[in-house]
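**Student:** I am attaching a structure below and will ask some questions about it afterwards.
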Amino acid sequence: MTDSPQEIENIPLSHSDIHRLELGDRRIVLIGTAHVSQESAKLVRQVIEAEKPDCVCIELDIKRHEALSKRKRWVSLNLKEIIYKKQLSTLMINLVLASYQKKLGDQLGVLPGTELMEGVKAAEEQNIPVALCDRDVRVTMRRAWHSTSFLKKGYLLASILASMFDDTEITEEKLVELKKTDVLSELMEELGQSLPELKRVLIDERDTFLSEKIKSSEGKTIVAVVGAGHVAGIKKALQEDRSASMAEINTIPPVSPILKFLAWAIPAVIVGSIIAIGFKKGGAVAGDNVIYWILANGIPSSIGAMLALAHPLTILGAFVAAPLTSLTPVIGAGYVTAFLQVIFRPPLVGEFETVLDDMSRLTGWWKNKLLRVFLAFILPGFGSMIGTWIGGAEIISNLF
């Protein structure tokens, strides 16, 4: 046997989704699955029971494993802590993807990720060690976001929102197509050639990460359960030593120094302009510009809170917070209003349990109090952003 993995002939358990390879003196069995397929779940159990491997590698990270194994996880969410840690946008994206997967699963009669958890269950029943081999989903999402240009971010968000309300039925032909790609990345893949950066982060980097984790798992015989879209990339990566790239692809890129500079420079220019107006045209004129700044920020932000049907005190908080938060990059108006909304109108337990279904209906975003927290985060923040540009442009023009 050689160090390069080679296809093994005479597969005893023949199936097009099973790929048997040798890596030195180790045997690696890759199972390519569809994350919304009951057939894949049965196949995973069948292979594990037949192979009795030394280790079962699963395309999950700790967070996604907890999410799948604890179906009532939304009930235990500490929204105040999530907002305090500025993780509300990450939670929202994860919920959107979970809702998309659930929609597929509902039409096909199987919960998303069933085959992954079936692999965990089958391994545990036979006392086989389980290795969670995927990259932290938070790192994946942040790297994906960071890799996308400003204009394409808008296109990406619009595409995600459009997919949420797409009621196209999933046919058997569509399921066959789904089995050729990873459902987590299926939505992104549909964007075609316009967003190659996302394919690199969501597919290529994870191919490398998964292959290196599979190689580092213990035992002579390994069964790896991965999305079918990863199989080709993993088989190629197993032939190479990509360990040197692991640290880089598992790191959240820092904020660009230019963006950091602009984040502080814009407020500094606005405050400096008001002070300059005071010296140049008098305190009364400077005071008028301060009032304009307050109104330009407070009114759009509070209108955003109104559109979110936020609590009256959240609406008032938006008006008060926006003029202040617009002058610091440390916190945005949306985080303040979301926190207030959680305090004054906390979601009920039942709304946590139905959030994935409610996300797929436009009216559900206003009916479900958890989703209304997201609206109270997005809309006032957007209003504050508009107010910053309007107010800033007016103040700078008044200086000259």
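The values are calculated or read from the model by the stated rules, or taken from the named source; none is laboratory data. Computed from a prediction, not measured in an experiment: that's the story for all the values here. Note that we place each Cβ from the backbone using ideal geometry, even for glycine, and neighbour counts take in every protein chain shown.
**Student:** Determine whether Ala284 is surrounded by fewer than 12 Cβ atoms within 10 Å (Cβ to Cβ), out of contact with any helix residue (DSSP H, G or I) (no Cβ under 7 Å at 6 or more places or on another chain), modelled with pLDDT of 90 or more and not assigned by TED's automatic domain parsing to the domain that holds Ile31.
**Tutor:** yes
**Student:** Can you tell me which of Gly219, Gly227 is in contact (Cβ under 8 Å) with a residue 60 or more places away in the chain, at positive phi and not polar (S, T, N, Q)?
**Tutor:** When all the criteria are applied, what remains is Gly219.
**Student:** From the list Met246, Met306, exactly one residue is closer than 30 Å to Ile203 by Cα and free of Cβ contacts under 8 Å to residues at least 40 places away in the same chain. Which is it?
**Tutor:** Met246
**Student:** While we're looking at this one, here's another question. If you check Ile294 against the conditions, is it surrounded by fewer than 16 Cβ atoms within 10 Å (Cβ to Cβ), assigned to a helix (DSSP H, G or I) and of a type in the set (Val, Ile, Thr)?
**Tutor:** Taking the combined requirement at face value, the residue does not satisfy it.
**Student:** Here's a follow-up. Keeping to region 237-262, report how many residues are surrounded by 14 or more Cβ atoms within 10 Å (Cβ to Cβ), more than 23 Å from the chain's Cα centre (by Cα) and part of a helix (DSSP H, G or I).
**Tutor:** 2
**Student:** Further question on the same structure: Can you find a residue that is part of a loop (DSSP other than H, G, I, E, B), out of contact with any Cys (no Cβ under 6 Å at 6 or more places or on another chain) and either on the phi > 0 side of the Ramachandran plot or without any contact (Cβ under 8 Å) to a residue 12 or more places away in the chain (or both) anywhere in region 310-329?
**Tutor:** The answer is no, given that none of the residues of region 310-329 is part of a loop (DSSP other than H, G, I, E, B), out of contact with any Cys (no Cβ under 6 Å at 6 or more places or on another chain) and either on the phi > 0 side of the Ramachandran plot or without any contact (Cβ under 8 Å) to a residue 12 or more places away in the chain (or both).
**Student:** Also: State which residue is farthest from Glu248 (Cα to Cα) when the search covers only region 126-140 and only residues that are of a type outside the set (A, V, I, L, M, F, W, C) and outside any loop (DSSP other than H, G, I, E, B).
**Tutor:** Once the filter is applied, the top-ranked residue is Arg138.
**Student:** Which of the residues belonging to region 19-58 are closer than 21 Å to Glu124 by Cβ, assigned to a strand (DSSP E or B) and at pLDDT below 90?
**Tutor:** Thr33, the sole residue that qualifies.
**Student:** For region 211-232, how many residues are modelled with pLDDT of 90 or more, among the small types (Gly, Ala, Ser) and either more than 15 Å from Leu23 (Cα to Cα) or in a helix (DSSP H, G or I) (or both)?
**Tutor:** 2
**Student:** Also, quick follow-up: Can you tell me which of (1) of a type in the set (A, V, I, L, M, F, W, C); (2) in a helix (DSSP H, G or I); (3) modelled with pLDDT of 75 or more is the one Leu104 doesn't meet?
**Tutor:** Every listed condition holds for Leu104 apart from (3).
**Student:** Still on this model: How many residues, within region 311-361, are more than 25 Å from the chain's Cα centre (by Cα), farther than 24 Å from Ala263 by Cβ and surrounded by 22 or more Cβ atoms within 10 Å (Cβ to Cβ)?
**Tutor:** Residues flagged as more than 25 Å from the chain's Cα centre (by Cα), farther than 24 Å from Ala263 by Cβ and surrounded by 22 or more Cβ atoms within 10 Å (Cβ to Cβ) within region 311-361 amount to 2.
**Student:** Whether any residue in region 198-207 is among the basic types (Lys, Arg), surrounded by 21 or more Cβ atoms within 10 Å (Cβ to Cβ) and under 22 Å from Glu115 (Cα atoms) is what I want to check.
**Tutor:** yes
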